[in-house]
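Have a look at the structure below before the remarks.
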Amino acid sequence: MDENGLPHTAGRPGLFVQPRWLSGVLLVLLLVGGAAFRLYDLTDPPLDFHPTRQVRSLIIARGMYLQQLPDVPEQQREYAVRQWRAQDVIEPPIMESLVAFTYRLSGAEIVWAGRAFSIIFWMLGGLGLWLLGRRLIHVDVGLLALMLYLGWPYAILASRSFQPDPLMTAAIIWALWGAAEWQTRPAWGRAVLAGLLAGLALLIKWTAVFFIAGGWLGLLLADGGLRRLWRDRQLWVIGGLAVLPGLIYALYSAMVLNSLQGQLSLRFFPQMWLDAAFYLRWWTRLNAVLNLPWLVLMIAGIFSLSAGRARSLLLGWAVGYGVYAFIFSYYVSTHDYYHLPLIPLAALGAGSALAGLLSILQVHAGWRRGMAVLGLAFIFLAEGWSARTLLKRQDFRPVVEQIQSIAAHFSPEDSLVSLAPDYSLPLVYWGWLNTTHWFGVGDFALREAAGQKMDFEEYFQNQTRGRDYFLVTDFEELARQPQLEMELKNHYPLVLEGPDFRVYDLRQRKESP
């Protein structure tokens, strides 16, 4: 143990231990640098990272805001609330509620408010990761893990996203920190805190259970006394506090919102486990989040730790990720942000490997120490700058202007079906269009994989019944659906056309030529 009561790994003195103020200064510099990368181009419309998920949250937040806003046109209020209610209830709208509250305080919609909250929560998660690394492994590992967690390019892009996943990831970190605190020094106060932190993470998004349960199981197995712990009243309190908030919300969803089935449908595809393509797609998505060298360092760092709580927690966390990946096999192979809770685990593992490498190179004194610090600073800046370069290259303001120019062709009374990117949600939000989305090829394939038979004629009639126009802005997707393209071309007049859209009149069906 060091002078602060924290464990040293393999007795090494530590690169950032002396002088005592050094680790605090580096902590502040990392937080400032990590925030600076994320705040760059803050006001650009949130179409840079999984736009469907972000715009969905914008629609919900706007509906919450306008529902109780005085002096707003009633038609506008009804539209906003209707579009909010049309979104599937997946998890508690915590982020959206915070953003709607911010709108009310400011008196206007601030489109980048959700991005700002995600950044704040991710940074708070970084503090938890720093504490967790210090508590279980070493002062160096805490700082190195924070450097990676804040500096990896994907982490920068994902932590700017207006969706619950950055908040959930931060809550997972704090929940496992609470677990480590209680396991290290059991007491009733720490037990209550650990239970509340775990319960908050599970309430934010219930999929956090895999990572938290895996980490907890690893910690408990590290002490080798599961039979004894089974009789520990504090552990039962922790478990009760962990599941209670999520259980209450699940009952509310099932009995009041009638949405529990929607939260669980189209998620479990065990047949994919026997498909080699699934593993290739899984690896492709994982490699987009963490490239191979960092993954290798993560694994090496975990297994280089001596047997004990740190290694057991990280291994349990990794096992939880594996179970989660098989349960949500479709989503981990198609949605890279489903791997986001792996980032803090990878940061701790790779940070431990880097700390061990620095110890082997004996860089803890003299000019070597200065070179090591400069090298680590270069890694942090180079990784973060690549994300900043991507953000600078992108500008989605013209996309919003294009949506608004297309929407100007329609009146508020017009009802549409649309084949457009991102489930047509940008048309709903920025265009204020009353539209229902036509499935893409991937949506049809997903439902067929789930055993749902999709008949084109029946689906077309259900989607277009009572609708005025069919709007197409995604021509690539239209080309992938020749049956739809021929149906529109042969039976419905083309009434508007531009370089980036077509509009067919659904009210005037004609016979085939």
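Just a few scattered comments:
- Across region 340-398, the number of residues qualifying as crowded, with 22+ Cβ neighbours inside 10 Å, part of a loop (DSSP other than H, G, I, E, B) and in contact with a Gly (Cβ under 9 Å, 6 or more places away or on another chain) comes to 1.
- Flag not set for GLU497, criterion: outside any helix (DSSP H, G or I), touching a residue at least 12 places away in the same chain (Cβ under 8 Å) and over 30 Å from ARG85 (Cβ atoms).
- Identity of the residue in region 92-119, touching a helix residue (DSSP H, G or I) at 6+ places or on another chain (Cβ under 6 Å) and charged (D, E, K, R), that ends up farthest from VAL55 (Cα to Cα): GLU109
- If you go through region 64-75 and keep only what is outside any helix (DSSP H, G or I), open to solvent by 70 Å² or more (accessible area, probe 1.4 Å) and either charged (D, E, K, R) or closer than 21 Å to GLY114 by Cβ (or both), you end up with GLN68, ASP71.
- Selection status of VAL441, at negative phi and over 28 Å from the mean Cα position of the chain (by Cα): no
- Considering the conditions (1) at pLDDT below 95; (2) open to solvent by less than 60 Å² (accessible area, probe 1.4 Å), GLU78 is excluded by exactly one of them, (2).
- Residue-level check: of (1) touching an Asp or Glu at 6+ places or on another chain (Cβ under 9 Å); (2) buried (at least 19 other Cβ atoms within 10 Å of the Cβ), VAL441 misses just (2).
- The numbered conditions (1) open to solvent by less than 10 Å² (accessible area, probe 1.4 Å); (2) touching an Asp or Glu at 6+ places or on another chain (Cβ under 9 Å) are all true for LEU157 except (1).
- Looking only at region 87-124, and only at residues there that are among the β-branched types (Val, Ile, Thr) and under 15 Å from the mean Cα position of the chain (by Cα), the one that is surrounded by the most Cβ atoms within 10 Å (Cβ to Cβ): ILE119
- Flag for LEU124 being assigned to a helix (DSSP H, G or I) and under 20 Å from VAL28 (Cα atoms): yes
- Among (1) part of a helix (DSSP H, G or I); (2) more than 23 Å from LEU221 (Cβ to Cβ); (3) open to solvent by less than 40 Å² (accessible area, probe 1.4 Å), the one test that TYR279 misses: (3)
- Within region 455-512, the residues that satisfy the criterion of being among the aliphatic types (A, V, I, L, M) and open to solvent by 40 Å² or more (accessible area, probe 1.4 Å) are ALA479, MET486, LEU494, VAL495, LEU496.
- The residue pairs whose first member lies in region 239-263 and is modelled with pLDDT of 75 or more, whose second member is open to solvent by 50 Å² or more (accessible area, probe 1.4 Å) and outside any helix (DSSP H, G or I), and whose beta carbons are closer than 6 Å, counting only pairs six or more residues apart or on different chains, are GLY246/TRP206.
The values are calculated or read from the model by the stated rules, or taken from the named source; none is laboratory data. All figures in this text were calculated on a predicted structure; none of them were measured in a lab. Heads up, the Cβs are rebuilt from the backbone with ideal geometry, glycines too, and the neighbour counts pull from every protein chain shown. In case anyone asks, the SASA skips ligands and DNA or RNA and just uses the protein heavy atoms, side chains included. Shrake-Rupley method; radii C 1.70, N 1.55, O 1.52, S 1.80 Å.
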